[in-house]
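Worksheet for the structure shown next.
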Amino acid sequence: MKHSFTITVLVLFLVLTGIFYYLKTAAPQFNHTLLMVANGLMAGLTLVSWQIVRKQLAERPQAFVRGVYGATLLKLMICIGSILFYVLLNRKNIHKPSLFVLFGIYAVYTTVETIMLSKLARQVK
């Protein structure tokens with residue numbers, strides 16, 4: 001399951017990277033650098049949170065929910081902090097649709113992670 005999760009996250013990262021490169025030419029008003037950094041950050045955080053949850057599940061299967069909540073909260077707080085940092089640095093040049101795409105990136109990675117973790121939890125039982 002570990003390899004399939006890593007492959008799934010890598011494929012998701014590559015698909016989103018392709019979409020963002022397409023947006024660079026089709027809609028240049030989007031902040032391409034911001035989207036690429038956010039995509040890489042979310043892929044990394046997803047892999048870290050996967051390790052956190054797997055460790056929790058290996059220690060005690062009942063701690064699975066705590067691990068999922070902790071990992072999701074970690075990703076959410078880092079995302080909010082990063083967006084706040086971006087907004088504070090670029091007060092005058094903020095492209096609001098780019099910010100909405102950032103929340104979409106978070107939602108996509110969190111959904112994929114939750115689906116994969118649910119499959120893992122069902123296998124452990």
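The values are calculated or read from the model by the stated rules, or taken from the named source; none is laboratory data. Predicted model, so just to flag it, every value in this text is computed and none were measured. Quick reminder, even Gly has a Cβ in these numbers, built from the backbone with ideal geometry, and neighbours come from all protein chains shown.
Numbers for the structure displayed
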| quantity | calculated |
| --- | --- |
| Complete set of residues in the range 21-34 that are part of a helix (DSSP H, G or I) and modelled with pLDDT under 90 | 23, 24, 25, 26, 32, 33, 34 |
| Residue list for the range 8-38, restricted to those being buried (at least 17 other Cβ atoms within 10 Å of the Cβ), closer than 30 Å to residue 121 by Cβ and either in contact with a Ser or Thr (Cβ under 6 Å, 6 or more places away or on another chain) or of a type in the set (Val, Ile, Thr) (or both) | 9 |
| Residues (within 29 Å of residue 56 (Cα to Cα) and either among the aliphatic types (A, V, I, L, M) or in contact with a strand residue (DSSP E or B) (Cβ under 6 Å, 6 or more places away or on another chain) (or both)) located in the range 84-121 | 102, 105, 107, 108, 112, 115, 116, 117, 120, 121 |
| Per-region count, the range 8-38, residues in contact (Cβ under 8 Å) with a residue 12 or more places away in the chain and farther than 12 Å from residue 98 by Cα | 7 |
| Any hit, the range 5-13, residues being out of contact with any strand residue (DSSP E or B) (no Cβ under 7 Å at 6 or more places or on another chain), part of a helix (DSSP H, G or I) and at pLDDT below 90 | yes |
| Any chance residue 58 is assigned to a helix (DSSP H, G or I), under 19 Å from residue 4 (Cα atoms) and hydrophobic (A, V, I, L, M, F, W, C) | yes |
| Counted residues, the range 79-121 - those being in a loop (DSSP other than H, G, I, E, B) and either crowded, with 16+ Cβ neighbours inside 10 Å or in contact (Cβ under 8 Å) with a residue 60 or more places away in the chain (or both) | 1 |
| Search result, residues across the range 48-75 that are exposed (fewer than 15 other Cβ atoms within 10 Å of the Cβ) and within 18 Å of residue 12 (Cβ to Cβ) | 48, 51 |
